[in-house]
Amino acid sequence: MCRDYGDRDRLDNFQLRTIVHVAQYGWSVVLVHADDARPGWAYTVGLWHSHRAPELAMFGGDVYETEEILNRLGRDAAERRAPADGELREGVVRGRAAAFRSIDPRWYDALFPGAMAFYRRPPLPMLQVVWPDPENLFPWQPGTDPRFRHSQPWLWLNPAQHSAGVWTRRL
């Protein structure tokens, strides 16, 4: 879909809506609502296509708040202030910092099917937006509550290195 392959008449409503959003705004945000089995998450589609900025994904928390954060970061990317792997950026999540980590492409198909359908030729750069706990500790830092530690996947790891749980079940 990033390129016209002559098959747009066979695309579903989600794919067509994504094309319209990317054409109109430069990107789209896909929301995956929480259910009994897993927390929710959201991710962008189109930042790489429109701005050569990495796609972004954020897990846990309220998906509508996450959507707002990703749209704000999308506007930053459109203004040539895209986040980079390893960056710590202040004021992203409820006035607190966020860390940006490159996502291992082995997670793409399971967690970002809308982006894979749009681009069709992965891998493309994707960053996870990782948020801290109320004490400003990130999930990998000592002292975080185990529930918080597992509320966000560690997608910078190879899936084989990730602890078994809700996120690896999607593979």
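The residues in segment 70-89 that are under 14 Å from residue 58 (Cβ atoms) and assigned to a strand (DSSP E or B) can be counted, and the count is 1.
Only one entry of 94, 120 meets the criterion of being open to solvent by 60 Å² or more (accessible area, probe 1.4 Å) and touching a residue at least 60 places away in the same chain (Cβ under 8 Å), and that entry is 120. In a residue-by-residue description of segment 18-25, the property of being in contact (Cβ under 8 Å) with a residue 12 or more places away in the chain and either surrounded by fewer than 15 Cβ atoms within 10 Å (Cβ to Cβ) or closer than 23 Å to residue 158 by Cβ (or both) applies to no position. Looking across segment 90-112, the residues that are assigned to a strand (DSSP E or B) and of a type in the set (D, E, K, R) come down to 90, 96, 101. Based on what the data block shows, is residue 65 among the charged types (D, E, K, R) and open to solvent by 10 Å² or more (accessible area, probe 1.4 Å)? Answer is yes for this residue. When restricted to residues that are surrounded by fewer than 12 Cβ atoms within 10 Å (Cβ to Cβ), of a type in the set (Gly, Ala, Ser) and either under 17 Å from the mean Cα position of the chain (by Cα) or on the phi < 0 side of the Ramachandran plot (or both), segment 130-164 contains 3. Tell me yes or no: at least one residue of segment 91-101 is out of contact with any strand residue (DSSP E or B) (no Cβ under 9 Å at 6 or more places or on another chain), charged (D, E, K, R) and farther than 17 Å from residue 153 by Cα. Yes - at least one qualifying residue is present in segment 91-101.
The values are calculated or read from the model by the stated rules, or taken from the named source; none is laboratory data. Only a predicted model underlies this, so the values are computations on that prediction, with no experimental measurement involved. Note: ideal-geometry Cβ built from the backbone for every residue, glycine included; neighbour counts use all protein chains shown. Surface areas here come from the heavy atoms of the whole protein model, side chains and all, with no ligands, DNA or RNA. Shrake-Rupley method; radii C 1.70, N 1.55, O 1.52, S 1.80 Å.
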